Number of protein chains: 2
Amino acid sequence: MNYTAALAILCCLFICRLKEAEGADKKLRFGENGEFRILQVADMHFADGKTTRCLDVLPSQYRSCSDLNTTSFIQRMILAEKPHLIVFTGDNIFGFDSSDSAKSMDKAFAPAIASNIPWVAILGNHDQEGSLSREGVMKYIVTMKNTLSKLNPPQVHLIDGFGNYNLQVGGVEGSSFENKSVLNLYFLDSGDYSKVPFIPGYGWIKPSQQLWFQRTSQKLQKEYKRAPLPQKQSAPGLAYFHIPLPEYASFDSSNFTGVKQEPISSASVNSGFFTTLVEAGDVKAVFTGHDHVNDFCGQLTGIHLCYAGGFGYHAYGKAGWSRRARVVVANLEKTENGAWLDVKSIKTWKRLDDQHLTGIDAQVLWSKSFSGNRRKRDDGGS
Amino acid sequence: MNYTAALAILCCLFICRLKEAEGADKKLRFGENGEFRILQVADMHFADGKTTRCLDVLPSQYRSCSDLNTTSFIQRMILAEKPHLIVFTGDNIFGFDSSDSAKSMDKAFAPAIASNIPWVAILGNHDQEGSLSREGVMKYIVTMKNTLSKLNPPQVHLIDGFGNYNLQVGGVEGSSFENKSVLNLYFLDSGDYSKVPFIPGYGWIKPSQQLWFQRTSQKLQKEYKRAPLPQKQSAPGLAYFHIPLPEYASFDSSNFTGVKQEPISSASVNSGFFTTLVEAGDVKAVFTGHDHVNDFCGQLTGIHLCYAGGFGYHAYGKAGWSRRARVVVANLEKTENGAWLDVKSIKTWKRLDDQHLTGIDAQVLWSKSFSGNRRKRDDGGS
């Protein structure tokens, strides 16, 4: 299928999705089937398109392989999953190999824009390595068509990084939860590289960002528990950023779903964001990219820590090990008389870029019936 | 020596210190000998005084041992070290065994007040277990005589805990550094117990406190590098709080000075304050209490992490292992013609509550000539 034909099909197919999404500048909400579906695209590493070659593919694939394979994979994923939101979790472009960062982004995000599905992007550690600065890249993204990305929240205090924002997902139109955010999405800039002489390696989420997240989460939880329709529990939240937290290293194959084929490339220090997430209490899962050949989800202290697995073809990977994407689906509870309520469960799976877009590793991330407050254990001694 | 006599001697002896300290409500500054000396008193666990018995002392000591032994030890330490500032690092009173929290504090801090030396206190995890809340304890402390303690900084944002503040120590009066803060002291409330259902154990320093620390440190460093007398390096800083950071567990006897006789009772999660300290760059050493039979100092990523060792007699300890206190001394650089400049070195030692107040484990924590920016190593891969 050529590029123009694929775009035409996408445009037709998602004319109905347009209504659900209510246009990209309006509020996100659950579909009339009580579902909200998110496609995560991690590490596209897009450069110049057709002339940018693939890395780590089989010799038989190499000759015809370029950035356009990444484009085609997004198009196929959109057709297969019909997401309500597409989340690009950084290293969207590979700045070093891009002739023009803006043009690379135009090409990289084109399938999302063409689909008319709302989309967001956050920054990785490579996005700023081309003709635009980190701020420049994010400022460009927020002007693009159909995106809900934001540069930063309205400032109560100055915030580190570019692209820290949250999105609320309303209940089904016409339902009692129509005007409540039943699912909260947090997007953060996990930085690029350490700027501190004594600390080597990657960046991390700073106190200013954590305070913003904490205050936002508190505000949303308070609103959810307030009239009209006051709720006892908080609405579940999902957090997306690029660089995995140090706590991703807590797992082995005995307690995660997926694979770990390389070390966890978190920052070399712990900046405490996992603690802040646990304390906030609403975020049920974290989704990162960065390590292309890790794709697992493991649960720690009530929070799932998930990789998407590498998506892009101009990014390191493993020849013969398919590029992949992660899908998250939240489903609402339904009353006996068919009315939609709040979120009942959140599931995830991945799809491989093979002939059938094979789905793998389906798992439940959170379920209302299984949640509840475990009792606090104070084992302090001194 | 009885209590009244000791107080009288203290009053006489430190009449000269009064001038250096310029009264407790004025700015701290280095003495005319180019020295600033801090006495740290950790975990007094004071309750009702004479009727409150000692824990973990030898059978021969038990009969006559009470909170007054703690009082006597402070008096002797003040006489021996003549500090410019006394820092009480939490668990100052043991609320559970105190009939009246305010009266316990009156007694606990009495030797410091009588000495006319400026003093500060921060909260531990036991201070609020009596008749006053955590806020109530700190509010009481800030009204006491000669204290430089503060409830919280003037708020740019709401801050967690009670007793987060900083103090500046000016250069020698009449020297070129007279109006610059050449040593910065940070005091933080490390909390009591986790309030989060899924996180057991002790409290931790929250993002709001870390952001305050970060902004304060940035402001002080900027001022130090500004005219008049603009400096190239930042002035060294010292941080005091009660509960050790998880990074205290990074050491063993091969790389610390002192002893580790019990596990590190940090919070069960890492809230990232060590990362924030390293990033800020000015703090050269951290001083905590909490674990009474650990008294070591170890260096990690350019920052010394130090315990004081248990001071109080109504606190668990180890019979036959002396109660102890930590002293920190900062010394200024002197020009060839005898003028005092900025801080040249920071040293520490401990003193044991034995007949001779034996000094042990003297070590250099920081020295201007040995500092400098190691080159950043960016070993990021993906």
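Read-outs: derived from the displayed coordinates by stated rules, not from any lab. All figures in this text were calculated on a predicted structure; none of them were measured in a lab. Here Cβ is always computed from backbone atoms with ideal geometry, including for glycine, and neighbour counts include all displayed protein chains.
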Largest-first ellipsoid semi-axes for the range A:3-370, taking √(5λ) over the Cα gyration tensor eigenvalues, angstrom = 29, 24, 20
From zero up to wherever the largest Cα-Cα distance of the range A:229-280 sits, split into 5 Å bins and tell me the percent of pairs in each.
-> 4, 14, 21, 21, 18, 9, 6, 4, 2, 0
Have a look at the DSSP beta bridges in chain A and tell me what percent are antiparallel, nearest 5.
-> 60 percent
Among trypsin sites (Lys or Arg not before Pro) in the range B:114-212, those in a DSSP loop whose Cβ has at most 13 other Cβ atoms within 10 Å are B:LYS145, B:LYS195
Rounded to whole angstroms and listed largest first, the alpha-carbon spread of the protein assembly as shown along its three principal axes comes to 96, 66, 42
Give, in whole angstrom and from largest to smallest, the semi-axes √(5λ) of the equivalent ellipsoid of the range B:188-341, with λ running over the eigenvalues of the Cα gyration tensor.
-> 30, 22, 13
What is the distance in Å between the Cα centres of the range A:304-329 and the range B:76-142?
-> 56 Å
Rank the residues A:THR335, B:THR301 as a footprinting-exposure proxy: fewest other Cβ atoms within 10 Å of their Cβ go first.
-> A:THR335, B:THR301
Every other copy gets compared here: list the nm distances from the B:SER60 label point (7 Å along Cα to Cβ) to its counterparts, shortest first, one decimal.
-> 8.7
Could you list which residues have their amide H under 5 Å from that of B:LYS344, counting only those 5 or more apart in sequence or on another chain, with H placed in the peptide plane?
-> B:ASN331, B:LEU332, B:GLU333
Looking at the axis that maps chain B onto chain A, which chain B residue has the closest Cβ, and how far off is it in Å, rounded to a whole number?
-> B:GLY272, 1
What is the spin-label model distance, in nm, from B:LYS232 to B:LYS50 if the labels are put 7 Å beyond Cα along the C-beta direction?
-> 6.1 nm
Once the dipole of chain A is set up from charges on Cβ (+1 Lys and Arg, -1 Asp and Glu), the residue from the list A:SER66, A:VAL327, A:GLN261 lying farthest towards its positive end is A:VAL327
Cleavage-rule hits, trypsin sites (Lys or Arg not before Pro), the range B:222-310, DSSP coil, Cβ neighbours within 10 Å at most 11 | B:ARG226, B:LYS232
Could you bin all the Cα-Cα distances of the range B:79-154 into 10 Å bins starting at 0 and give me the percent of pairs in each, rounded to whole numbers?
-> 20, 54, 23, 3
Which value in deg cm²/dmol, rounded to the nearest 500, describes the helix-derived mean residue ellipticity at 222 nm for chain A, given -39,500 (n - 2.57) per DSSP H run of n ≥ 4 and division by the residue count?
-> -7000 deg cm²/dmol
Computed Kirkwood radius, in angstrom, where 1/r is averaged over Cα pairs of the range A:130-279 = 17.5 Å
Residue-wise, which Karplus ³J(HN,Hα) couplings in Hz belong to the range A:343-349, taking 6.51 cos²θ - 1.76 cosθ + 1.60, θ = phi - 60°, and x for glycine or proline?
-> 6, 9, 7, 10, 10, 9, 7
What residues have an amide H closer than 5 Å to that of B:LEU183, excluding those fewer than 5 places away on the same chain, when H is modeled at 1.01 Å from N in the peptide plane?
-> B:VAL169
Pairs of Cα atoms under 8 Å, at least six residues apart: use those to get the relative contact order of chain B, whole percent.
-> 18 percent
Using the number of other C-beta atoms within 10 angstrom as an exposure proxy, rank B:PHE198, B:PHE296 with the fewest first.
-> B:PHE198, B:PHE296
List the distances, in nm and shortest first, from the label point of B:LYS232 to the matching label points in every other copy, placing each point 7 Å from Cα along the Cα-to-Cβ direction.
-> 6.6
Other copies of B:SER99: label-to-label distances in nm, shortest first, labels 7 Å along the beta-carbon direction = 8.8
